Amino acid sequence: MDDASELVGMVLGTEDATPLTFWVGVSPEGYLQLDDAVVVETDVPGRGVVRISGIVQDVRARHEGAQFDTDVFLVDKGVLPVDTGVAAEVVATRFEPEVFVPPMPGRPAYRARGADRDEALYIDGIERRLAAGLTRDGEPVFLDLDFLDGARGAHVNISGVSGVATKTTYALFLLYALFHSEALGGYRANTKAIVFNVKGEDLMWLDRPNAKLDDAGRADYERLGLPAGPFGSVGLWAPVRRDAGGQAIPQVESRSEGVGAYYWTIREFVRGRLLRFLFAEADDERSQIADLASRVEVHLDRECADDPENDATVVFSGYPVNDFEALCEIVRNELEDDASAWRGRAADATVNAFLRRLESGAFHVGHLVWGREAEHPERHRIDWQASQVTVVDIHTLHDRAKRFVTGVVIKRLFEEKERMGRREPLAFLVLDELNRYAPREGSGPIKEILLDVAERGRSLGMVLIGAEQTASEVERRVIANSAFRVVGRLDTAEAARSEYGFLPAVTRARASILKPGSMILQQPTIPVPLQIRFPFPSWATRSEEAGAPPSGDVFSRFEGE
Amino acid sequence: MGYEPVMQETPATADPSVETSDWSAPLPVPQADLTGELWFVDGVRRVELRVIASEGGRRAFGLFGTAAAGAVRCLGRATFADHEVRRWMVLGGGMPAEPAEVTVGASFLVYEPKAEPGGDPNSPVEGLHTLMQAAEASLAARLAGDGDRLVLADGRLGFLGPTASPVVGVVKRFVRAYLEPEHDALLPRLAPGERTPLFGLVYEGQPLERYAWYTRLVPLRAPWHDHAGLVRCEVRAGVGPDQARAIADRVTALLPRFAGRPSDPRAPQNLAPVAALEAWLQHRMGHRGLVRRALTAWLVEREG
């Protein structure tokens, strides 16, 4: 692509030019399209030349001299002569030097390329760049890594309609760019990411190249300075299959090898105080039950001893707790005993509600907590340090189990980052359906952790890449703490909500017609949201796309299981 | 356009028998070729500021005015083509005028001098009108210099010299009735795409100068008088009767397609391309208020 800015027109005099927006009359030989960067120089008496850069926000074309709507038919018949005027509205992004004046009508306007474009988009000021996608005419767009890794800000929030908004794919593209470029420098190898797979088995093929990637797609990667291939280091985890007869087999449909089966042991459940995540849905009664749950957690932890004969279980009152059912039985017996200290001052109704939930929780989650039957439990503990990207599949699980798994994994991740006490190396957490885990209304243990991540993650080096269909249903503070806001195809009604106030009206309207693969990106350093597209995934997203695995199989350690 | 002086149409006699003596029915025209290159030529003028000049004890009416002529080219699409805008200082009473350079914003307007012999208050306007007609005629002549096109000039033919392509004058106003009542009776019965037989226009003591015919642009509508929607077309007699008939047929077939729109007060005789061209030329004369203000300032400066 040519790096010289090209003359495309002149600042109009028939529309007001203001320092914030102005119109450019587009010459018949040129064109301007939405999101083009434009640069205009204007003379300011006594101050010299001011360079005004901006982004095209709207473009219009009209017949000049035609008065009536039907004139167009006469024009077409060759009866009525008219002129055609094309004009583009430019929103100013930058003034060098900062003299806020409108550009004078008649000043030549250039489509900014190369260094001019970098200036218009403040890319020249970004020292640590991370590829974020391409503009529609193929120019690379970068993120300022300082705002992602916690140095000056952190977190990404992605909104958009399911299915068309390609939220997860974009989140993965960002991870891919992080892990396959020099952006992270020396910390790259130790930076990790946990991705929850919530829909289909889309993410279970990250380690395979995408056989459907064509040359155009490869060229996109090249333009962004990225290799086109699969993720280099991936750990895949699926929940252990229910009723597998003591065999820890992962619950996956499309893929038979290379997937680890995860479960927790009774001992981890007791020591890690995971009980609360069985009660993770938010509702009105919750606070009483949550109190009771934390009491029970404390008592379990205190009154259970490690089973000397088995790493996975504990001993309660001298008897080993063989399975999750037995653990629930202990809790039930203690709570139904009026004399037990476990129940504290909880009312009967609270205890009953607690037990009902415990029962339902045990039914849906019980198969993920193993006791005596667990062999080599350490092999079934989600080890997010082992691979760069750890995919935790939860799509087959019941809602209650999904919450349990996400809650427990995020909690552990957060605690480990907290213990580490420094930002680097970073840990990324990709979580879709944020509205489910951090809803605007109500509270719950997962929401509390996510709020912690959103508010303190920046200093702890834990970065949340959250996605949801509707930002209006997600806790405000989670969104407010995101340095980057990304929007895919939006429902029109949703787009009208105040959560998308950062989108100018025209951009907002565009959000409802975005195609898969196109996003609108708002970043702290650029005052205007940009429409970008990101390359077709170079990693497989379905079994049909999966090419041959790269040599040096990273899953060799799973073999023989 | 506001004030319009009554322009003279020199008396001429019509010879209704140049094509046929049978004026009993309109002549339908054969389907003509609509694909050729067609040009419309028209002019506009605008009085910017009226002045009274005095020199010694003499006073004369004068004006600052603008005359423009332009063309629309129709070939599949209609596009604005050649045009010319000239500014004039017309002084009546034969008083000699001099060029004036007037600053409007960042541009200069040069007013060319034109002395008009008449001393009547209307003489300068007539002078400006003549300048406009001359511009129209010279543009039409220039355009007709290239072959393979048909040039339709608004108003009476301003020149009668031979050209490579025919020039047809399209006159929309009935200033003078040329035909005797027995022939005139055919006019209300014309339908779009029909014409009267050709008639010759002869000026006293001159040979036959032009062939003319009437044609209708649109069907007659209830509130209209029976001459509404008619135009008179004329072509120089030099083309000969056969050529004149072919041109008449072609123009008659073409014109309804370009009939003016009902939104135009001069519809339908003011053809749509011509109406658009007039508005476009008016626009190219510049903003009236600004020009007027600049002229006033120029006068004040000159006198002060």
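The values are calculated or read from the model by the stated rules, or taken from the named source; none is laboratory data. Predicted model, so just to flag it, every value in this text is computed and none were measured. Note that we place each Cβ from the backbone using ideal geometry, even for glycine, and neighbour counts take in every protein chain shown. Note: areas computed on protein heavy atoms with side chains; ligands, DNA, RNA excluded. Shrake-Rupley method; radii C 1.70, N 1.55, O 1.52, S 1.80 Å.
Structure data summary
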item	result
Qualifying residue in segment A:86-101 (condition: more than 14 Å from chain B (Cβ to nearest Cβ) and among the polar types (S, T, N, Q))	yes
Among (1) in a strand (DSSP E or B); (2) open to solvent by 20 Å² or more (accessible area, probe 1.4 Å); (3) away from every other protein chain (no Cβ under 14 Å) - the single one A:HIS63 does not satisfy	(3)
Residue count, segment A:143-169 (criterion: in contact with a helix residue (DSSP H, G or I) (Cβ under 6 Å, 6 or more places away or on another chain), surrounded by fewer than 24 Cβ atoms within 10 Å (Cβ to Cβ) and more than 14 Å from A:PHE428 (Cβ to Cβ))	2
Considering residues of segment A:66-85 that are acidic (Asp, Glu) and open to solvent by 80 Å² or more (accessible area, probe 1.4 Å) only, the residue farthest from the other protein chains (Cβ to nearest Cβ)	A:ASP69
Residue that is nearest to the chain's Cα centre (by Cα) [pool: residues in segment A:315-333 that are among the β-branched types (Val, Ile, Thr) and in a helix (DSSP H, G or I)]	A:VAL331
Residues being at pLDDT 85 or above and either crowded, with 16+ Cβ neighbours inside 10 Å or part of a loop (DSSP other than H, G, I, E, B) (or both) - total across segment A:305-314	2
Subset of segment B:247-291 that is exposed (fewer than 15 other Cβ atoms within 10 Å of the Cβ) and more than 14 Å from chain A (Cβ to nearest Cβ) - its residue that is farthest from B:PHE174 (Cα to Cα)	B:GLY289
So A:GLY54, is it open to solvent by less than 20 Å² (accessible area, probe 1.4 Å), of a type outside the set (S, T, N, Q) and at pLDDT 90 or above	yes
Check on B:ARG50, of a type outside the set (Val, Ile, Thr), more than 29 Å from B:TRP213 (Cβ to Cβ) and surrounded by fewer than 18 Cβ atoms within 10 Å (Cβ to Cβ)	yes
Of all residues making up segment A:102-129, the number that are within 14 Å of another protein chain (Cβ to nearest Cβ) and without any contact (Cβ under 8 Å) to a residue 60 or more places away in the chain	0
Hits in segment A:521-561 - residues which are at pLDDT below 85, outside any loop (DSSP other than H, G, I, E, B) and out of contact with any helix residue (DSSP H, G or I) (no Cβ under 8 Å at 6 or more places or on another chain)	A:GLU544, A:SER556, A:ARG557, A:PHE558
From the options A:PRO45, A:PRO19, residue that is away from chain B (no Cβ under 14 Å) and either open to solvent by 80 Å² or more (accessible area, probe 1.4 Å) or free of Cβ contacts under 8 Å to residues at least 12 places away in the same chain (or both)	A:PRO45
Strands (runs of 3 or more DSSP E) within segment B:30-129 that include 1 or more residues within 14 Å of another protein chain (Cβ to nearest Cβ)	B:37-55, B:58-75, B:77-91, B:107-115
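Condition check ((1) under 30 Å from B:HIS283 (Cα atoms); (2) modelled with pLDDT under 90; (3) open to solvent by 40 Å² or more (accessible area, probe 1.4 Å)) across all residues:
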| site | (1), (2), (3) |
| --- | --- |
| A:GLU96 | no, no, yes |
| A:TYR110 | yes, no, yes |
| A:ARG117 | no, yes, no |
| A:ARG129 | no, yes, yes |
